[in-house]
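Working notes, beginning with the structure itself.
The values are calculated or read from the model by the stated rules, or taken from the named source; none is laboratory data. In this text, all values refer to a predicted model and were calculated from it rather than measured experimentally. Note that each Cβ is placed from the backbone with ideal geometry, even for glycine, and that neighbours are counted across all protein chains shown.
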Amino acid sequence: MLQSLLAGGPVMYPIGLCSVVALAMFMERMWALRVARILPRALQQRVAAHMAATRFDDAIGEAKQSPTALGRVFAMALEQRGRPRAQMKERLEEVGRREAADLEWGIPVVGTIASIAPLLGLLGTVGGMIATFAAIQEQGLGNVGALAGGISQALITTFAGLTVGIPAVVANRFLLSRVDGLLLELEEISLGLLDALAKEDA
């Protein structure tokens with residue numbers, strides 16, 4: 001199997017590197033984007049209990065102890081409580097943009113690999129066809145063995161590029177969908193805090 005892959009020529013090395021990077025980034029994002037790391041339910045319950053008892057200092061302390069997106073949103077909202085709604089909303093949107101950037105970190109790498117892996121396969125295909133035509137020019141069409149190497153290289157690199165690119169496209173879409181879902185839930189929680197803590201604009 002390894003020999004067959006190496007027969008694809010030098011283009012197989014960047015394709016292989018792309019596959020490793022895409023897999024590593026996908027696994028890291030899957031670990032980082034767990035609900036428990038972004039929107040821990042236990043934190044929501046503890047902060048809600050403190051808010052219900054008007055223990056806002058305890059709620060702020062609880063939120064600041066949690067190194068999560070939800071903890072940072074809670075801490076900011078609680079510290080800004082009583083301010084005009086428009087002002088609080090603007091601050092919540094700022095925090096939301098920062099959290100969105102953090103959640104989306106690394107996902108563009110997967111998307112880039114999804115785009116370039118098939119192109120690398122195409123590059124290898126072109127290289128294989130060039131080698132094939134060079135063999136035809138030197139030895140004619142009669143020597144099938146001389147032509148097989150270039151054709152084999154063309155097919156192997158195309159196959160490898162698509163094998164890396166297609167799963168990378170799926171992984172990229174899946175991660176973006178996961179981030180969108182988490183951000184939507186974070187936004188709903190933020191709006192609830194806004195309604196509970198902001199002073200209505202005059």
query: Out of the range 67-85, which residues are in contact (Cβ under 8 Å) with a residue 24 or more places away in the chain, surrounded by 13 or more Cβ atoms within 10 Å (Cβ to Cβ) and either over 25 Å from residue 176 (Cβ atoms) or basic (Lys, Arg) (or both)?
result: 72, 74, 77, 78, 80, 81, 83, 84, 85
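Residue 67 - would you say it is more than 30 Å from residue 127 (Cβ to Cβ) and over 29 Å from the mean Cα position of the chain (by Cα)?
Details: more than 30 Å from residue 127 (Cβ to Cβ): yes; over 29 Å from the mean Cα position of the chain (by Cα): no.
Considered against the rule, which asks whether it is more than 30 Å from residue 127 (Cβ to Cβ) and over 29 Å from the mean Cα position of the chain (by Cα), residue 67 comes out as no.
What's the total number of residues in the range 41-83 that are assigned to a loop (DSSP other than H, G, I, E, B) and either under 18 Å from residue 196 (Cα atoms) or among the small types (Gly, Ala, Ser) (or both)?
8
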- request: Can you give me the number of residues within the range 44-55 that are free of Cβ contacts under 8 Å to residues at least 60 places away in the same chain and touching a helix residue (DSSP H, G or I) at 6+ places or on another chain (Cβ under 6 Å)?
  value: 3
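Taking the range 94-116 as the search range and keeping residues that are within 30 Å of residue 158 (Cβ to Cβ) and of a type in the set (Val, Ile, Thr), which one is farthest from the chain's Cα centre (by Cα)?
In this case the residue turns out to be 116.
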- prompt: Of all the residues that make up the range 25-40, how many are part of a helix (DSSP H, G or I), at pLDDT 90 or above and either surrounded by 13 or more Cβ atoms within 10 Å (Cβ to Cβ) or not hydrophobic (A, V, I, L, M, F, W, C) (or both)?
  reply: 7
- prompt: Residues in the range 117-130 that are aliphatic (A, V, I, L, M) and farther than 10 Å from residue 158 by Cα: how many?
  reply: 2
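Taking the options 187, 200, name whichever one is surrounded by fewer than 19 Cβ atoms within 10 Å (Cβ to Cβ) and at pLDDT 85 or above. Let's see the steps before the verdict.
Working: 200 fails: at pLDDT 85 or above.
That would be 187, the only listed residue that is surrounded by fewer than 19 Cβ atoms within 10 Å (Cβ to Cβ) and at pLDDT 85 or above.
For residue 19, are the conditions met, namely being among the polar types (S, T, N, Q) and modelled with pLDDT of 90 or more?
When the stated conditions are applied, residue 19 passes them.
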message: For the range 98-130, give me each residue that is part of a helix (DSSP H, G or I), surrounded by fewer than 19 Cβ atoms within 10 Å (Cβ to Cβ) and either of a type in the set (Phe, Trp, Tyr) or at pLDDT below 90 (or both).
response: 126, 127, 129, 130
